[in-house]
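The next block holds one structure in the form of structure tokens; read it before the comments.
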Amino acid sequence: MKILVTGSAGFIGFHVAYCLLERGDIVVGVDNLNDYYDPELKKDRLAILAEQKNFSFIKLDISNQVEMEAVFNQHHFDAVVHLAAQAGVRYSIENPQVYVQSNIVGFLNVLEGVRQQNINHLVYASSSSVYGANTCQPFSEHHNVDHPVSLYAASKKSNELMAHSYSHLYGLKTTGLRFFTVYGPWGRPDMSPFLFARGILNEESIKLFNEGDMSRDFTYIDDIVEGVVQVMDSPAQSDKKWDSEAPDSASSYAPYRIYNIGNSQPVKLMDFVRAIEKSAGKKAKINLMPMQPGDVQSTYADVSELQSAVGFKPGTLLQDGVDVFVEWYRGYYSGV
């Protein structure tokens, strides 16, 4: 298959593109290589992909309508895996306009490309952040997600709504994946696993917000990739049992689905820190901090829908995943 992977220089996009190339697919990657975090890390990911004969890369911003139209007109894609986005809950408070351009305008350009070229399946990244003020756990795709607590979360909920409208209007097969805190080699420097590893290995203090009383459904990158690829290979179908008088937000009469991808085993931040300490052989210097605006105390994924649909459930053990991550970190930042 020929697949467009947006955000191919990003953490998840890089790993998904590499997996698809390894199995023999043709991958066209797009990314704007912005400086939200170190572009050199993104370039190093791309350098690995560039070694694969079936990979080509186009540097562009997905919010640029003309350039996105050119990509879709030039190639005949069998599927699109849309992972490009402006990420980060806290950054959305400081720079809200960027989120509208990338996550709303950019997503519209992707939808239009899929529609105009009649592409078989669109898989796109949503986020566990959409659960917002909901405290009923584990989070289920059947829960109401109308109360986001950050603009980032609101933009991801908007993506789900936009996808449904296109599935309804044009019969597009769309699947949204709500990722729960992803960690592993080549991870994002702005996320807690990376910040914790860097602080501990460099013997610097790390910040634990809400006085450390937080938990996350940490999910290893290989599990995320496996889920993305299996979902991509199983295009969304209409739910014949969907009831308009008791509408279920997880599916639809249209070919539209939403799935959680998480480890389904939430971990306290302190326990995650302890796992890094064990891998690093060093003790953390901890600075307890108050809760950050837009943050939530805990996340916990119900992944029964994903398991039922494609027969897959993430299952990498925390210490195993952390060991690989810390080993990569030490190798990439040699001398640590």
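The values are calculated or read from the model by the stated rules, or taken from the named source; none is laboratory data. This structure is a prediction, so every number in the text was calculated from the model and none was measured. Ideal geometry is used to build each Cβ from the backbone, glycine not excepted, and the neighbour counts take in all protein chains shown. Ligands, DNA and RNA are stripped out before the accessible areas are found, and what is left, the full protein with its side chains, is counted by its heavy atoms. Shrake-Rupley method; radii C 1.70, N 1.55, O 1.52, S 1.80 Å.
Structure summary
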read-out	value
In the range 63-103, the residues that are within 16 Å of the chain's Cα centre (by Cα) and β-branched (Val, Ile, Thr)	VAL80, VAL81, VAL89
Identity of the residue in the range 118-134, out of contact with any helix residue (DSSP H, G or I) (no Cβ under 8 Å at 6 or more places or on another chain) and not in a helix (DSSP H, G or I), that ends up least open to solvent (accessible area, probe 1.4 Å)	ASN134
Where a residue in the range 147-171 is under 17 Å from SER251 (Cα atoms) and its partner, wherever it lies, is of a type in the set (Gly, Ala, Ser) and part of a loop (DSSP other than H, G, I, E, B), with Cβ under 7 Å and at least six apart	HIS164/SER252; HIS164/ALA254; SER167/SER252; SER167/ALA254; HIS168/ALA254
Of the criteria (1) open to solvent by less than 40 Å² (accessible area, probe 1.4 Å); (2) more than 30 Å from GLU203 (Cβ to Cβ); (3) in contact with a Phe, Trp or Tyr (Cβ under 8 Å, 6 or more places away or on another chain), which one TYR253 fails	(1)
Verdict on GLU22 being out of contact with any Gly (no Cβ under 6 Å at 6 or more places or on another chain), closer than 20 Å to GLY187 by Cβ, among the acidic types (Asp, Glu) and at pLDDT 95 or above	yes
Matching entry among VAL66, VAL71, VAL80 (being loosely packed, with under 15 Cβ neighbours inside 10 Å and β-branched (Val, Ile, Thr))	VAL66
Test for TYR152: is it buried (at least 21 other Cβ atoms within 10 Å of the Cβ), under 17 Å from the mean Cα position of the chain (by Cα) and over 19 Å from GLU226 (Cα atoms)	yes
Residue list for the range 254-273, filter: of a type outside the set (A, V, I, L, M, F, W, C) and modelled with pLDDT of 95 or more	PRO255, TYR256, ARG257, TYR259, ASN260
Every residue from the range 48-99 that is of a type in the set (Val, Ile, Thr) and at pLDDT below 95	VAL89, ILE93, VAL98
The range 158-209, subset at pLDDT below 95, part of a helix (DSSP H, G or I) and within 17 Å of SER128 (Cβ to Cβ), residue most open to solvent (accessible area, probe 1.4 Å)	SER192
Selected residue (only one of ASP44, ASP25 is open to solvent by 50 Å² or more (accessible area, probe 1.4 Å), of a type outside the set (Val, Ile, Thr) and either out of contact with any Pro (no Cβ under 8 Å at 6 or more places or on another chain) or over 24 Å from VAL114 (Cβ atoms) (or both))	ASP44
Considering residues of the range 301-323 that are out of contact with any helix residue (DSSP H, G or I) (no Cβ under 9 Å at 6 or more places or on another chain) and within 21 Å of LYS268 (Cβ to Cβ) only, the residue most open to solvent (accessible area, probe 1.4 Å)	LEU317
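Residues are listed down the side, and each one gets a yes or a no for (1) in contact with a Ser or Thr (Cβ under 7 Å, 6 or more places away or on another chain); (2) under 19 Å from ILE58 (Cβ atoms):
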position	(1), (2)
GLN74	no, yes
ALA87	no, no
TYR91	no, no
GLU94	no, no
VAL98	no, no
GLY106	yes, yes
VAL114	no, yes
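Let's see how each residue does on (1) within 19 Å of the chain's Cα centre (by Cα); (2) among the charged types (D, E, K, R):
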{"position": "ASP223", "(1), (2)": "yes, yes"}
{"position": "PRO235", "(1), (2)": "yes, no"}
{"position": "SER238", "(1), (2)": "no, no"}
{"position": "GLU245", "(1), (2)": "no, yes"}
{"position": "ILE286", "(1), (2)": "no, no"}
{"position": "SER298", "(1), (2)": "yes, no"}
{"position": "GLY315", "(1), (2)": "yes, no"}
